[in-house]
Every structure is written in structure tokens, then in C-alpha cells.
Amino acid sequence: FGSRWPCILEHMDTPTSSASLRRGQHLITSPVYDLDGSAIKDSHAFHAYLRLSLCHPAVNDTHAMIIELSGAVSVRVVETEHEHHGTHRVFQAKADSGLSACEKLDSWERPEWALREGMHLNQFFSELQQLVRKAVANPLSSKRGACWEHPWDPTYYNCQHFVGDCIEVLAPGARLFYDDCLMHKPHLLKIDKGSGRRESAFAARASQLVMKKKNSMLDTWTTLFSADQPGPEWVITSAEIYWRDCTIYAAAVTKTKSRLADHSEMHHRIKEFRRKVLLQEARDEEQQQQLVLETRNEGQQEQQEQQEQPFLETGQQGQQEQAVSWEDESSIKPGQCPTCIIA
């Protein structure tokens, strides 16, 4: 599949999208760019995994951890440098915001995608275990052999579903966007019905024969740290989602046409999600400005009323005095001087 689509030769703007890419005679009008500005191949399928950056207040050192679902759950400690060439970094949750791959060349940043404050490994794995147990309890996947030691199913709980559960624990504000925009869609890949569903069931069973482990690393991850190192107390400072090309394996159950449709849908969903968010922010800003204007007008009206109040009170007092004067004059007897009444 790599030889079928040569390198990116040309980048140009089109009326239908922010950019398009041309590989040979194949025009891509729905590009998606990773966080490093590389275009994601539109006819390929990708394996998703999570990379955590870790630190500890009592240890002058940093660690990184890779967590992925490759049949069984895999957890390993790695070097702190970025991943090797050939992967796509499509999402990152940091302390104050999150970044996502985008249909434009610049990544998209949102504050609601920020990492949960103070999240440490022990809490992360404890909450993740609950979500994975819920996933393997799904009858659709459990009757095809999915279990705690091998949760993976290409249709009902694949690597991207698993990473989504990780994001729900680490950056819950990003889960909706992730599910809608950064996941392969089984119905577009045609592995949820008919022959595609049967082929995916066969792939699940084959994986269980080869990849199933005796114990889940969701239970044994603390053994990755030596006795003199802290384990559960490591604090997570960053979470990154990487995609690794797995087209050579996905080709067994998916077709190029379906993968192209899935990629085009991802481009459209990211673009539409961004449009809705920006539109809502514009409406919120307009409402806020209107509220400020109304509050200002109310304040000015109140101030004007306070300024007019003394004049109103003075006028009312004058009317009352005049009324009393006329009342006194009406009680004067004939022959009395109105200006020198003697009681």
C-alpha cells in the first residue's frame, strides 16, 4: 500500500477545503494534519496508542509510558524523547489546554481539553480498569471471545476505543470530540455488518490465540518500576495520542475505498465540529456584550433616577407647603389681615 501512493508532491488551496494534496493522479480534497504538520495518509488505517509523560516530586527524574491495546493491554516504560519517525501525533492534553490534529495546517487548541489536575498513575489505572471491564462486558464483543486478558475486538473495542477510554480518564472534556472526530468509524470501514463483520470476528478469534496474556497489565503495571522507584505516585504531566500505520494488517478486513471514505468523514467531522464551536463562541460573546450593554444602560438609568430624586422631593415639598398656605388662608375671618393673624 505504501508503494501505491508516492510522496506528497504538491500543496495547493481549493474552494472546497483549506488545502488539498496530490499524490500522482489522486487528488485529496480532505486532508488532516497531525500536530507536527504532516498530512495523514487518506487511504491508510492506523493503530492508536497513548504516551504519558511522568514526573515525581521526590525524584529528580522523568519517565514516559506507552499504553496500548494490541490484543491484550500493553504497558511499558520508554525513553522520554518523542516517538520514532513514521508515527502521527494527533492529540495532546497538557496542564492548561489540549491540542488536536486539524483539517487545517495549524493544530487546534482548546482549554476544555486540558489534563485533569494532579492525575497520578494509581488513580489513572484504577479508573481505566472500570471502563475496560465495562467494555468487555458488552455482549457483542464478549460472545466473540473478548475478555479481561484480551479485550480487543476490531469492531466493538479496538485500539482507538481503548485510547478513548484513556482520554475519558485523563481529559474528560475531550472525549466527545475524540469519539466524533479522531476515531475510525466501523460502519464506514464496513466491518460491522455482513461479510465484513464475519471477517472481523475471525480476526478477533485469531488474535485471541496469539495475543492473549495470562494476566492483564492493567493489574501488573506496577512491576515495571523497580523496588527503589516510586510507582503509583508518579504524576502524569502530559498525555499524547499517536497513530502508527497498520494498513498492512487492516487490509485483511477493510478495503481502500472504505478507508478513503473514513478519512474523508474524519476531515468533515473535524471541520464541522470546529465550525459549531466557533459559532457558539461567537454567539456567547454577542450575548455577553448584549448583557454588558444592558447592565450599563440599567446603571445609567439608575444613576439618572438618583440625580433626579432630590428635585422631585423639593417639588413635592413645595406643593405641600403651598397647600398648607392656602388652607391657613381659608380659615381667616373677615376683617383679619392675612399676614398678621393673631391667635
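The values are calculated or read from the model by the stated rules, or taken from the named source; none is laboratory data. From a predicted model like this one, the values you see are computed outputs, not experimental measurements. So basically every Cβ, Gly included, is an ideal-geometry build from the backbone, and we count neighbours across all protein chains shown. These accessible areas exclude ligands, DNA and RNA; they are computed on the full protein's heavy atoms, side chains included. Shrake-Rupley method; radii C 1.70, N 1.55, O 1.52, S 1.80 Å.
Here are some notes:
- Summarising the amide proton neighbourhood of N158: residues at separation of 5 or more, or on other chains, whose placed amide H is nearer than 5 Å comprise D153.
- Taking amide H as placed 1.01 Å from N in the peptide plane, the amide H of R89 sits under 5 Å from that of L35, D36, W243, each at least 5 places away or on another chain.
- Pairwise label distance in nanometres, Q300 with V59, each label 7 Å out on the Cα-Cβ vector: 6.3 nm
- Gap separating the Cα centres of region 93-128 and region 53-71, nearest whole Å: 15 Å
- Rounded percent of accessible protein surface that carbon and sulfur make up, region 224-282, 1.4 Å probe: 59 percent
- Relative contact order of region 64-217: 26 percent, from C-alpha pairs under 8 Å at least 6 residues apart in sequence.
- Counting only lysines at least 8 places from K257 when in the same chain, those with an alpha carbon closer than 22 Å to its own are K41, K185, K190, K193, K271.
- With contacts taken as Cα pairs under 8 Å at a separation of at least 6 residues, region 127-228 carries a relative contact order of 32 percent.
- Among the protein heavy atoms of region 72-206, carbon and sulfur supply 52% of the accessible surface, probe 1.4 Å, non-protein parts ignored.
- 3J(HN,Hα) from dihedral phi, region 293-301, Karplus parametrisation 6.51/-1.76/1.60, rounded to Hz, x for glycine, proline: 5, 5, 5, 5, 5, 5, x, 5, 5
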